[in-house]
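So the structure is just underneath, and the comments pick up after that.
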Amino acid sequence: MMKKNFAKKFFHNFGTAFCAALALILISCNSVPDEISEDLDARQLIQLGQDNYDAAKYDASEAYFNAVLERYGDDVKHYIEATYELGHLYMKQKRYEEAIANFNKILEIYENVPAGIPGAYKRLSQIELEKVPQKALDEIEAKKLAREADLAAEAEKVKAEEAAKKAKEEEELRALEEAAQLEEISEETNADSQAE
């Protein structure tokens, strides 16, 4: 009996400790740095982003890549690299809409910026775009069409409200003009009555 109780307590305590340790590990894996040192250059930030990506610390990875964009985004080469890395991260997380937007930004840069930037990211972006599942593309297109329909409905609503407002203003103006005419007639009638 004593052995059973000991085993039961041991496994219960061990299970609780194991779950707590696992939770701490999972929390630390996804932790985002509170503050990213201002002393880090773009290359170091990219490396930290890639290291965190490799360690499946995706939130931290995203924070480092975004720091590159915020601090060094004016430099086309750094902008392209960080944007690509974010797109690659989004693909891994199946955040396809964001990934596509990032890869399309890169392709647009290659279309509009003169030579002098490495062409590898253009090709890598094209390859990543080809990997997006058709189902995801269909869902994105459906969302886009729904947003466009919502915008069109909102525009029609605004247009109808403006037309109603204009009609009300015109009606009020007509009523004021009629009241002014009636007052003028009344004054003329009063003047004629007094003259007699």
Exercise. Of all the residues that make up segment 59-70, how many are closer than 17 Å to ASP34 by Cβ and open to solvent by 40 Å² or more (accessible area, probe 1.4 Å)?
Worked result: 3
Seminar exercise, completed: The lone condition ASP138 fails out of (1) closer than 22 Å to ASP75 by Cα; (2) free of Cβ contacts under 8 Å to residues at least 24 places away in the same chain is (1)
Exercise. Any residue in segment 22-30 that is open to solvent by 60 Å² or more (accessible area, probe 1.4 Å), part of a helix (DSSP H, G or I), modelled with pLDDT of 95 or more and out of contact with any Pro (no Cβ under 7 Å at 6 or more places or on another chain)?
Worked result: no
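On the basis of being of a type in the set (S, T, N, Q) and within 25 Å of LYS143 (Cα to Cα), does SER125 make the cut?
Details: of a type in the set (S, T, N, Q): yes; within 25 Å of LYS143 (Cα to Cα): yes.
In short, yes.
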Problem set entry | Single match in LYS122, LYS131, LYS144 (criterion: open to solvent by less than 100 Å² (accessible area, probe 1.4 Å), among the basic types (Lys, Arg) and touching a residue at least 12 places away in the same chain (Cβ under 8 Å)) | LYS122
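Could you please find all residues in segment 101-117 being surrounded by 10 or more Cβ atoms within 10 Å (Cβ to Cβ) and closer than 21 Å to GLU130 by Cβ?
The answer is ALA101, ASN102, PHE103, ASN104, LYS105, ILE106, LEU107, GLU108, ILE109, TYR110.
The values are calculated or read from the model by the stated rules, or taken from the named source; none is laboratory data. These figures come from a predicted structure and were not determined experimentally. All Cβ positions, glycine included, derive from the backbone under ideal geometry; neighbour counts span all protein chains shown. Surface accessibility is based on the protein's heavy atoms, side chains included, excluding ligands, DNA and RNA. Shrake-Rupley method; radii C 1.70, N 1.55, O 1.52, S 1.80 Å.
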